[in-house]
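Read the figures in this text as sums done on the coordinates, not as results from a lab. It should be emphasised that the depicted structure is a prediction, and the values quoted were computed from it without experimental measurement. Don't worry about glycine lacking a Cβ; one is built from the backbone with ideal geometry, like all the others, and counts go over all protein chains shown.
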């Protein structure tokens, strides 16, 4: 099966993160579309999603109209709040082939400000 360039990049980054992830660190996977942003913290040893947050949730969607960058900040703050409740503060950041720029960069910086370590 031949994979295109983007799929190879995603596969390569994700497999490296899965190999080094241990019991004390989880993987934060981020996905974005043209209008929304989604994030989830995954335990790769058990293959389960621990925490998730997205911009399509009712409480975030019902907020006032904001641009996509501000929406990324709101979702990151909500995810960090949920992670702190479950005492998760060390993660690996899986940017899923997206450049560390724009909404992805704002998302990561907001997580760092809220106590996440990666």
Quiz prompt | Gained length - residue 20 relative to residue 85, 0.36 nm times residue gap less alpha-carbon distance | solution = 20.9 nm
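Ratio to report: Rg/Rh of segment 74-118, with Cα atoms as the point set and Rh obtained by the Kirkwood method; give two decimals. Don't jump to the answer; show the numbers that get you there.
Details: Rg = 10.3 Å, Rh = 10.7 Å.
In segment 74-118, Rg relative to Rh is 0.96.
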Quiz item: What order, most packed first, do the peptides 51-60, 5-14 have when packing is the mean number of other Cβ atoms within 10 Å of each residue?
Solution: 51-60, 5-14
Self-check item: Relative contact order, percent, segment 5-113 [alpha-carbon distance under 8 Å, six or more residues apart]
Solution: 30
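Based on the mean of other beta carbon atoms within 10 Å per residue, what is the order of 97-107, 36-46, most packed first?
Numbers: 97-107: 15.5, 36-46: 17.5.
Ranked by mean Cβ neighbours within 10 Å, highest first: 36-46, 97-107.
Express in nm, to one decimal, how much length is gained between residue 96 and residue 36 on full extension, taking 0.36 nm for each residue of separation and deducting their alpha carbon distance.
Working: separation 60, 0.36 × 60 = 21.60 nm, distance 1.52 nm.
My answer for the length gained is 20.1 nm.
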Practice problem: Find the eigenvalues of the gyration tensor of the Cα atoms of segment 1-68, then list the square roots of 5 times those eigenvalues as equivalent ellipsoid semi-axes, largest first, in whole angstrom. | Solution: 27, 19, 8
Quiz item: Which percentage, to the nearest 5, of the DSSP beta bridges contained in segment 5-113 is antiparallel?
Solution: 75
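How high is the FRET efficiency between residue 45 and residue 8 when r is their beta carbon distance and R₀ equals 41 Å, given to the nearest 0.05?
Numbers: r = 25 Å, r/R0 = 0.60.
Result of the calculation: an efficiency of 0.95.
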Self-check item: Whole-Å distance, taken between Cα centres, linking segment 18-72 and segment 90-117
Solution: 10
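When only C-alpha pairs under 8 Å and at least 6 residues apart count, what is the relative contact order of segment 1-53, in percent? Walk me through the numbers before you get to the answer.
On the way: 50 pairs, mean separation 11.9, N = 53.
So the answer I get is 22 percent.
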Self-check item: For segment 18-118, convex hull of alpha carbons as volume per residue, Å³
Solution: 98
